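Shown next, in structure tokens, is the structure this report addresses.
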Amino acid sequence: MKRILLPLALVFAVAAQAQVINNPKAKVDPKNNKVSKPVVEKPKPKLMSRDELRACIDQQEANSKEALAIKAEQSAFEANEEKIRAEKVTLDAGEAALSKQVTEVKAERDAILAAHAALTAEAPKLAKADLKTRNEAYTARTTAFNAMFEAAKAAEVEQNAKRKAFNEKIDARDAQFKTVKEREEKYFDADDKWKAECQNKAYDENDEKAIRKEKAAAADK
């Protein structure tokens, strides 16, 4: 920012007044013998020192760099969030399939128990051949049930592992969200500090040019 200069009209007014004051022989119009208000020059704004300006420029560059980093981290979080939502759909489908499988196992177990009770009650009245046929059918059904039960058991173990892994991803997602929010808060604090200490502060443009030149030279090394 350049040093602030008085408007030209104001400079001319001050010069004219000085000429009148320095000329004691000047005539005064008796019809318009009024004393005008003195023109007071506004104080020039205090300029930041070069060190102060350098600190402000460094802070502004750091804030800009941090803003870009936060934006990238936010994008990564959003991408991860989309992935988790898709995995949740798959997990929910697996949960529904397992629930159906367990329900079928329980229904078959109850049916086998009922068949066993009926066979036990009817066995004394059955012919030997009929009893043998019923027993063989019952044995085949229990064998199939055992396979059905083991399949459901294995599916439950697999689903529990998927659920555990998904919950760990949720915990990681929550921690990532917390990290991003904390980083955002620190950025806002740093930006507020820059605004309070640097924004709209007057400085010498020659100091800025010198600082930019220093930075360019340092970057080339």
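The values are calculated or read from the model by the stated rules, or taken from the named source; none is laboratory data. Keep in mind the model is a prediction, meaning the values are calculated, not measured. Virtual Cβ from ideal backbone geometry, glycine too; neighbours counted across all protein chains shown. These accessible areas exclude ligands, DNA and RNA; they are computed on the full protein's heavy atoms, side chains included. Shrake-Rupley method; radii C 1.70, N 1.55, O 1.52, S 1.80 Å.
Cα convex hull, the range 152-221: 125 Å³ per residue, rounded to a whole number.
Just round it to a whole percent: the fraction of Cα-Cα distances in the range 65-110 exceeding 12 Å.
Of all Cα-Cα distances in the range 65-110, 71 percent exceed 12 Å.
Relative to the present Cα-Cα distance, how much length would full extension add between A97 and H116 at 0.36 nm per residue of separation?
Numbers: separation 19, 0.36 × 19 = 6.84 nm, distance 2.85 nm.
In short, 4.0 nm is gained.
Electrostatic tally near W194: other residues with Cβ closer than 14 Å to its Cβ, Lys and Arg +1, Asp and Glu -1, net -2.
Return the carbon/sulfur percentage of the accessible area of the range 150-218, one whole number, probe 1.4 Å, all protein chains in place. All intermediate terms of the calculation are to be shown ahead of the outcome.
Details: 2500 of 4820 Å².
Whole-percent figure for carbon plus sulfur exposure: 52.
Counting only protein chain heavy atoms and rolling a 1.4 Å probe, the accessible areas of D204, D51 rank, largest first, as D51, D204. Annotation: R163 carries an accessible surface of approximately 70 Å², with a 1.4 Å probe and no ligand, DNA or RNA atoms counted. Taking only alpha carbon atoms, the range 74-137 gives an Rg to Rh ratio of 1.53, where Rh is the Kirkwood radius.
Here A137 and K162 are evaluated by their C-beta separation; at R0 = 25 Å the FRET efficiency comes out at 0.10. Solvent-accessible area per residue in the range 43-170 equals 69 Å², computed with a 1.4 angstrom probe and all protein chains kept.
Using the Cβ-Cβ distance between R109 and F77 with R0 set to 35 Å, the FRET efficiency works out to roughly 0.15.
Take the Cα of N146, step 7 Å toward its Cβ, do the same at A172, and the gap between the two points is 4.1 nm.
Using +1 at the C-beta of Lys and Arg and -1 at the C-beta of Asp and Glu, which of N135, S99, M148 has the Cα lying farthest in the positive direction of the dipole of the range 93-221? Working it through, the farthest residue towards the positive pole turns out to be N135. Derived scalar couplings between HN and Hα for the range 140-153 equal 4, 5, 5, 5, 5, 5, 4, 5, 5, 5, 5, 5, 5, 5 Hz in order, rounded to whole Hz, by the Karplus curve 6.51 cos²θ - 1.76 cosθ + 1.60 (θ = phi - 60°), x for Gly and Pro.
Calculated FRET efficiency, E61 and K201, Cβ-Cβ r, R0 22 Å, to nearest 0.05?
0.85
With just the Cα atoms defining each centre, how far is the range 44-110 from the range 124-162? Give it in Å. Measuring centre to centre over Cα atoms gives 49 Å. Taking 0.36 nm per residue of separation and subtracting the current Cα-Cα distance, fully stretching the chain between A154 and K186 would add 6.7 nm. For K215, the aspartates and glutamates whose Cα comes closer than 19 Å to its Cα, not counting residues fewer than 8 places off in the same chain, are D51, E52, D58, E61, E66, D204, E205, D207.
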